[in-house]
Amino acid sequence: ANVSKPRKDITQAYGTELIFSDPMEGSDGAIRLVRKLVAENPDKYFYSDQYSNPSNPRAHYLGTGVEILEQVGDRITHFVAALGTSGTAMGTTRRLREHHRKIVCVAAEPKEALHGLEGLKHMASSIVPNIYDPTLPDEILPVSTDAGWDMSDRLAEQEGLMVGHSSGANVAAALALAKRLTAKGEEGCIVTIACDRHDRYFAPLKWEKKYVW
């Protein structure tokens, strides 16, 4: 129930009935409610279960990872992806691991258990997706809510890219990694993903800057 109004409006425009879970339980509450509804009436619902569906990371293994190597090739030194369902990070990382040269793969996640980066998971305090393999990332990089939100603003204002907060978190993590490399006198080519649109998150709370995390 705590998703943005624009997101609710977009969903209802497709003729859907919205069923709300407890907003204090976040996405985990929604997962539990969906599982309950499906268990009670399996013939009524189709449950894609992107947190457990192997097609999720497989799409990125066959698609995203291949596309990155085709476009960037041997220049890429690091890959950064935030953890939500973890499909992007898992599938792409597996594909990049097969490259003939070492590519450092970093998973970003919300810094706080109670956070405002919608769609992302703080793994230690959340239902862990079955498709998530904690041994795959070379590093877990924490990103604060403010860093993700502020970066999405910056990308719109300075780059003309209207992306959402999870994309902001990805870029914030990639930039933090780049600064760390620079501080050590190293160079690199860091690739990340802009995975969502800004229009899903428009809300007065955002623009008034009164949010507290």
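The values are calculated or read from the model by the stated rules, or taken from the named source; none is laboratory data. Every value quoted in this text rests on a predicted model; they were computed, and no experiment measured them. Using ideal geometry, Cβ is built from the backbone for each residue, glycine included, and neighbour counts are taken over all protein chains shown.
Got a sec? Which of E157, E118, E98, E67 is modelled with pLDDT under 95 and either more than 30 Å from P23 (Cα to Cα) or of a type in the set (K, R) (or both)?
None of the other options fit; the residue is E157.
Which one of L161, L141, L114 is assigned to a loop (DSSP other than H, G, I, E, B) and under 16 Å from the mean Cα position of the chain (by Cα)? Before you say what the answer is, go through the steps one by one.
Numbers: L161 fails: under 16 Å from the mean Cα position of the chain (by Cα); L141 fails: assigned to a loop (DSSP other than H, G, I, E, B).
Step by step, each of L161, L141, L114 is checked, and only L114 is assigned to a loop (DSSP other than H, G, I, E, B) and under 16 Å from the mean Cα position of the chain (by Cα).
Pick out the one residue from T92, T135 that is modelled with pLDDT of 95 or more, within 23 Å of Q50 (Cα to Cα) and in contact with a strand residue (DSSP E or B) (Cβ under 9 Å, 6 or more places away or on another chain). Don't jump to the end; show me each part of the working.
Working: T135 fails: in contact with a strand residue (DSSP E or B) (Cβ under 9 Å, 6 or more places away or on another chain).
The match here is T92.
Among residues belonging to the stretch 40-83 that are in contact with a Phe, Trp or Tyr (Cβ under 9 Å, 6 or more places away or on another chain) and assigned to a loop (DSSP other than H, G, I, E, B), point out the one that is surrounded by the fewest Cβ atoms within 10 Å (Cβ to Cβ).
Y51
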